[in-house]
């Protein structure tokens, strides 16, 4: 799968509230009610990621969870990243 051109990344980001581009990644920080809620959220994201064999970078800071998606094999952002971002949004 090839990396998307900038125009397609910008267009796809417009439909994902709170997601933004950071270099060759799309990112969003979710704030959960408690630390344990954040851990549960990470577990649900992990299940989604494992099901599609596309794994995000995840940073946890107490109640905040930062998700970063990039298709390393393609050297940038692909449709797989947006598919997983939409799945995470549907689950969140």
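Give the Debye-formula value of log10 I(q)/I(0) at each listed q (0.15 Å⁻¹), with one equal scatterer per alpha carbon of the stretch 10-56, two decimals each. Normalising to I(0) and taking log10 leaves -0.51. Per-residue extension of 0.36 nm, minus the Cα-Cα distance of residue 51 and residue 63, leaves a gain of 1.8 nm for this segment.
For the chain, the relative contact order is 34 percent, taking Cα pairs closer than 8 Å that sit 6 or more residues apart in sequence and dividing their mean separation by the residue count.
The smallest convex shape that holds all Cα atoms of the stretch 6-91, its convex hull, gives 82 Å³ per residue.
Ranked for footprinting exposure by Cβ neighbours inside 10 Å, fewest first, 70, 20 give 20, 70.
Read-outs throughout are calculated quantities, based only on the coordinates presented, and are distinct from any laboratory measurement. All figures in this text were calculated on a predicted structure; none of them were measured in a lab. Please note: Cβ atoms are built from the backbone with ideal geometry, for glycine as well, and neighbour counts cover all protein chains shown.
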